[in-house]
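S.K.: To start, I am sharing the structure in question, which I have written as structure tokens.
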């Protein structure tokens with residue numbers, strides 16, 4: 001487990017050191033869950049839904065109504 005000592009600024013922000021971001025596979029724009037267990041703060045990466053389903057759908061034309069596309073796609077999956 002990688003550890004580092006960092007300082008929190010006046011707004012409660014901290015900098016996650018590069019070696020820890022790399023180990024956790026966090027990049028700019030990554031989402032994380034943050035929670036506390038008593039005095040322990042837990043930061044966990046959240047998998048991107050877009051990355052998870054990349055290539056699962058073939059879209060030839062961007063839809064005008066995204067909600068309609070989602071309904072059609074769900075119906076095709078059920079069938």
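S.K.: Suppose each label sits 7 Å from its Cα in the direction of the beta carbon; what would the residue 73-residue 20 distance come out to in nanometres?
M.R.: About 3.5 nm separates the two model spin labels.
S.K.: By the gyration tensor of its Cα atoms, with a ≥ b ≥ c the square roots of the eigenvalues, what is the shape of the chain: rounded for a/c under 1.5, prolate for a/b over b/c, or oblate? If you can, show how the numbers build up before the last one.
M.R.: Details: a/c = 2.93, a/b = 2.74, b/c = 1.07.
Prolate.
S.K.: Then there is this: Calculated from DSSP H runs of 4 or more alone, at -39500 (n - 2.57) each and per residue, what is the 222 nm mean residue ellipticity of the chain, nearest 500? Please list the in-between numbers first.
M.R.: Details: 3 runs with 23 residues, N = 79.
Mean residue ellipticity at 222 nm (helix-derived): -7500 deg cm²/dmol.
S.K.: Between helix 66-78 and the chain, what is the angle of the helix's C-alpha long axis to the longest principal axis, kept within 0 to 90° and rounded to the nearest 10?
M.R.: So the inclination is approximately 80 degrees.
All of the numbers you see were taken from the coordinates with simple rules; none came from a lab. Owing to the predicted nature of the structure, the values given are computational and were not obtained by experimental measurement. Virtual Cβ from ideal backbone geometry, glycine too; neighbours counted across all protein chains shown.
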